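Presented below is the structure to which this report refers.
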Amino acid sequence: MLSNSRSRRSGGRRRAQSEAVKPLRETRYKQLRHPFQPQSIFTEDEVANIHQTALRVLEDLGIKVLLPEAREIFRTAGARVKDDMVFIGRDIVAAALKTAPAAIRLRAANPAREQTYETGAMLFMAGAGCPNATDLKRGRRAGDLQAFVETLKLAQTYDVIHMLGPCVEPQDVPIQFRHYEMIRAQLVHCDKPMFVYARGSAQVSESFEMIRMALTLSEGDFTDGVWATTVINSNSPRMLDIPMAQGLIDFARAGQMSIITPFCLAGAMAPITVAGALTLQHAEALTGIALAQLSRSGAPISYGGFSSNVDMKSGAPAFGTPEHVKMQIGAGQLARFIGLPWRSATGAASNTADMQAATETNMALWGAAMANATLTVHAAGWLEGGLSFGYEKFINDIEALQTMAELCTKPLGTEEEIGFDALAEVDPGGHFFATQHTMDRYQSAFYAPLVSDLTNFGAWSEAGAKTSTQRATEIWTNDLAQFQNPAHGASADERLAPFIETRKQQGGAYPQG
């Protein structure tokens, strides 16, 4: 007892000395690299067979392309065009894959937020494209500009979210003016790589102009890397609609990045098997890559997919399922086969931020990690299969993402880290709380949870017996209350205001198609 008492008192002195010289733990989540080797679910021969079958789909079955300009681009390149069906030869695809860049510089208002979009990078985007927002304070409601701005601020707050996306659709803003407010909000409140919807040439052109204006970029500056990304969804099976085809062309010609994302749900819009669904996804993705490269050789483009299965009883999309994870791993193999960085996604079909939502999202997060996805979309906040963005869900998902990010820091196996002296210092049955090895490291040794409560039952009960969802409400509320715009925000807003006002007086720009 006397020995233990002396040890505790000595530990207290050493703790005080340690606190005086040791910095608090620093997190480095801005640029991440996958810590583990990618996994495989198909053999090399099977991957090659899926690729060859996808080429056969393009050559023999064709893709329905609704935009006349896109059909003409394919025709000029040697594709066979019959009415609105385009039959793309494998030589066209091969040429496109040769010019598509393997590494893309993602620019940001804050240079410290820049990313290199390439194989091995690990980037996350929050849940995107949700028509509704939900939280414990205000309930479920239609997405509006307030929710759009709030979710942007939450995405800006956490370094583990690397790219901006349209978390909530601001439906209270007329559609012809909506892009003005969405671009302005990103430029004023955030300093990360930006997102622009591909909703027609007029809106895209004005959005690019706003970015150049707000950040005082020359034409050369704007094309030196990617300042804006967009998601291009094909209409599975085998159709590319007008706004998506136009977006591919517009972004390619402007030197900005399109993220090709077929949404192939096995058993519904795709064959019911994993291999069949991936074959369709691959064919549609190759179509987008080819159109982008034919529009501008070397245009920044991302392979991608968001394939999962449906519930065969209800027809509803399912996420985080074994089939979803298998498709993620298979998609990663296909991306590496063609040598391009790629996009995956998590997801949650759950209607609330419960255990089901967490399990679905986290299983798909691990699927993306095992597949070595360059970008994982819908990584935080996504509910109801994308119909709602949950504020509490966002915070709990950030915990999972930060845990994943911690794995990117490799532990050391040096003699100092192994700590034989500490092992020798503690008698059998003792503890390591007061060893010098612990005192030198305790402030920075472990990840400090954001929302998880590690106290015992008594302390948890005395604090109100709150669930992680309830604790998350306090966190996002505090985040928004303390939020400060980045340094460039005020000047960007000042530059944009006259432009937006003039364009609104002129009637704005309506979506295409």
Query raised in the report: To the nearest Å, what is the center-to-center distance of segment 456-491 and segment 210-230, using C-alpha atoms only?
Result: 34 Å
Requested in this report: Take the alpha carbon gyration tensor of segment 99-162, find the square roots of its eigenvalues, order them as a ≥ b ≥ c, and report rounded if a/c is under 1.5; if not, report prolate when a/b exceeds b/c, else oblate.
Outcome: prolate
Query raised in the report: By accessible area of protein heavy atoms, probe 1.4 Å, what ranking do V196, V149 get, highest first?
Result: V149, V196
Report summary line: Counting Lys and Arg as +1 and Asp and Glu as -1 over every other residue whose Cβ sits under 9 Å from the Cβ of D453, the net charge comes to +2
**Report entry** Portion, in percent, of the accessible area of segment 171-300 that falls on carbon or sulfur, probe 1.4 Å
**Finding:** 55 percent
Report task. At 1.4 Å probe size, with no ligands or nucleic acids counted, give the accessible surface of T352 in Å², nearest ten. Result -> 80 Å²
Report summary line: Everything considered on the Cα gyration tensor (a ≥ b ≥ c; rounded for a/c under 1.5, else prolate if a/b is larger than b/c, else oblate), segment 342-480 must be described as oblate
Report summary line: SASA check, L280, accessible area w/ 1.4 Å probe, all protein chains in place, rounded to nearest 10 Å², comes out at 20 Å²
Report task. Bin all alpha-carbon pair distances of segment 415-497 at 10 Å intervals from 0 and give each bin's fraction as a whole percent. Result -> 13, 22, 22, 22, 15, 5, 2
**Report entry** R0 of 22 Å, Cβ-Cβ distance N235-S205: FRET efficiency to nearest 0.05
**Finding:** 0.35
Query - At R0 = 30 Å, FRET efficiency that the Cβ-Cβ distance of D421 and N456 yields, to 0.05 - result: 0.45
Report task. Mind scanning K30/K410; K30/K153; K192/K466 and naming the pairs with a C-alpha gap bigger than 26 Å? Result -> K192/K466
Report summary line: Carbon and sulfur atoms account, in whole percent of the 1.4 Å probe accessible area of segment 56-111, for 51 percent
Query raised in the report: Along its principal axes, what span do the Cα atoms of segment 178-228 show, with the longest given first and each in whole Å?
Result: 26, 25, 15
Query raised in the report: Largest first, what is the accessible-area ranking of E417, E169, E26 with a 1.4 Å probe?
Result: E26, E417, E169
Report summary line: Rounded to the nearest 5, the percent of DSSP beta bridges in the chain running antiparallel is 40 percent
Report task. Calculate, in nm to one decimal, what T43 and T414 gain on full extension: separation in residues at 0.36 nm each, minus their alpha carbon distance. Result -> 129.8 nm
**Report entry** Gap separating the Cα centres of segment 92-108 and segment 161-190, nearest whole Å
**Finding:** 27 Å
Query - Computed FRET value (nearest 0.05) for D221 with L136, which takes r as the C-beta separation and R₀ as 60 Å - result: 0.90
Query raised in the report: What does the accessible area per residue of the chain come to in Å², with a 1.4 Å probe and no ligands, DNA or RNA counted?
Result: 43 Å²
Requested in this report: Starting from the Cα of F446, step 7 Å along the direction of its Cβ; do the same at M312; then give the gap between the two resulting points in nm.
Outcome: 4.5 nm
Query raised in the report: How much length is gained on full extension from E406 to Q171, taking 0.36 nm per residue of separation minus their Cα-Cα distance?
Result: 80.9 nm
Query raised in the report: Within the accessible area of segment 442-504, what % is carbon and sulfur when the probe is 1.4 Å and the other protein chains stay in place?
Result: 54 percent
**Report entry** Loop trypsin sites (Lys or Arg not before Pro), segment 86-165, which have at most 16 other Cβ atoms in a 10 Å radius of their Cβ (DSSP)
**Finding:** K137, R138
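The values are calculated or read from the model by the stated rules, or taken from the named source; none is laboratory data. What you are looking at is a predicted structure, and each value in this text was computed from that prediction instead of being measured. Cβ: placed from backbone, ideal geometry, glycine included. Neighbour counts: every protein chain shown. The area values use the complete protein model at the heavy-atom level, side chains included, leaving out ligands, DNA and RNA. Shrake-Rupley method; radii C 1.70, N 1.55, O 1.52, S 1.80 Å.
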